[in-house]
1. What distance in nm separates the simple spin-label points at V54 and E85, each placed 7 Å from Cα in the Cβ direction?
2. Which entries in K126/K158; K72/K126; K158/K205 show an alpha-carbon gap greater than 18 Å?
3. When a footprinting reagent is the concern and you count Cβ atoms within 10 Å, what order do H92, H184 take, fewest first?
4. For the range 212-286 and the range 154-174, compute the distance between their C-alpha centroids and round to whole Å.
5. In the range 159-191, which residues have a backbone nitrogen under 16 Å from the label point lying 7 Å from D268's Cα in the Cα-to-Cβ direction?
6. Calculate the dipole size of the range 22-365 relative to its Cα centre from +1 charges on Lys and Arg beta carbons and -1 charges on Asp and Glu beta carbons; express the result in debye to the nearest 20.
7. Quick check on the range 22-365: take the gyration tensor over C-alpha atoms, sort the square-rooted eigenvalues as a ≥ b ≥ c, and tell me if it's rounded (a/c under 1.5), prolate or oblate.
8. Report the one residue of F225, A272, S57 whose Cα lies farthest in the direction of the positive end of the charge dipole of the range 22-365 (charges on C-beta: Lys and Arg +1, Asp and Glu -1; origin at the Cα centre).
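Quick note: the coordinates plus some simple rules give every number you see, no bench work behind them. Fair warning: this is a prediction, and the values are worked out from it, not measured in the lab. With ideal geometry, Cβ positions are generated from the backbone for all residues, glycine too; neighbour counts draw on all protein chains shown.
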Amino acid sequence: MKFHVLTLGLLASLAQAKPSRRSTIQKRASITDVGTGFASLNGGTTGGGSATPVTVSDYAGLVAAVAGVEPKVVIITGPIEHSGEPVNIGSHTTLVGADSSVVLTGFGLLIRENKNVIVRNIAVAKVPATNGDAVGMQYAENVWLDHMDLSGDMNSEKDFYDGLCDITRKSSYVTLSNSYIHNHWKGSLIGHSDDNAAEDTGFLKVTQNNNYWQNVGSRTPSLRFGQAHIYNSYFEATDDGINVRQGAQVLVESNVFDGTEKPLYSVDQGGAVESDNVWGAGENTVPAGTLTTVEYPYELLGSGSVIASVVGTAGNTLTFATDGTVTGAPPRKGNETDTYAPPGGYTPVTPPPEYPEGNVPTTLVTSAAPAKTEPPTEGYEPTPPKTEEGKKEKPPVPQSSTYQPTPKPVEAKKEAPVPETTTYDATPMPVY
């Protein structure tokens, strides 16, 4: 391959100097992709690796395929509807949806007392609270959720559904990336109780990046005790934004908030470091924090490029063949006419090899430190969760004057009481 002298100079400067802007590049996906963000630390997240893929098409088949601790790659080939308990995914698993038709309705996914799990390209919808969260984690370690579509509806009572992505009870080294989180009262709870400091402190390390949050009532996310890195994401018509609580620390970079009264706030001892964010009609009210860097490489879009890059590509937009290869990445199902969908759909391309693994880059940030080679193993003693105190819903907030995105129809919200509920807690399982 030939490079122009100027091109080589620019590549060298990225590796040696201060981060600089460049055009958006989307990394090509593969069934053997490994976890990014915090999921790349603590020994890394590889899922089932190169295990021979198996396909499933119903609830019973899915339950059986993801059980156990041996390496496995499971591909869901179509929609599954079921009312019942969540599917507990065993350690060393890669679980993907074959295409945008893969929607799990009425039941969720659970990673409990398991580790090294990858879940990609799956929609989970309308999971009643009696059946758990859309995706829940308890005592989980090294989990990568990527290209997920998580939703409920805003016409039911607030507590009819629970969380869309709840990360609780000492879970850590988790990344949620390139996902569409929408039409739900409760988004993502990281840390389930104010009284769980003894168990959660030192854990709950979470990356959330390149996500599209739309029409979500609260918890985008709500974080206790842990550390979160939130970047390259678009928050549209979310009542509340990022809630930093109980000593939690967040690093917030290159995000856009549209119609959020409290985009970044804390009412009980949280801290935040932020840069290049568009707050819209709200503002950052969190005291200065201490999380200034993270121990992995990542790449920033810049707030001016977030909307066009995230809308239409976030969600279950990939297409995997049954042998695990990626055959394409069409626009999100039902989103072909979306205002911000790229003309002709989403076409991934391969980035230059000089850049490290990442998500939709324009700014390269390198602060990686050596990761641990072996995650700790220890027993778990669950403690009862505590119901969170409620909070009042906020009235609609006018759009920011700093940019004017084309209005899009948003599902009407039904006013309802807003007490928080406890997260799903299954019967304890043996530790692997």
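1. 2.0
2. Numbers: K126/K158 12 Å; K72/K126 27 Å; K158/K205 27 Å.
Table pairs above 18 Å Cα-Cα are K72/K126; K158/K205.
3. Numbers: H92 23, H184 29.
Arranged by neighbour count, lowest to highest, H92, H184 become H92, H184.
4. That distance is 17 Å.
5. Hits in the range 159-191 for D268 at 16 Å: 169, 189-191.
6. On the way: 19 positive and 37 negative charges, 102 e Å.
The calculated dipole for the range 22-365 is roughly 500 debye.
7. Taking the square roots of the gyration eigenvalues as a ≥ b ≥ c, the range 22-365 is rounded.
8. With unit charges placed on the Cβ atoms, the residue in question is S57.
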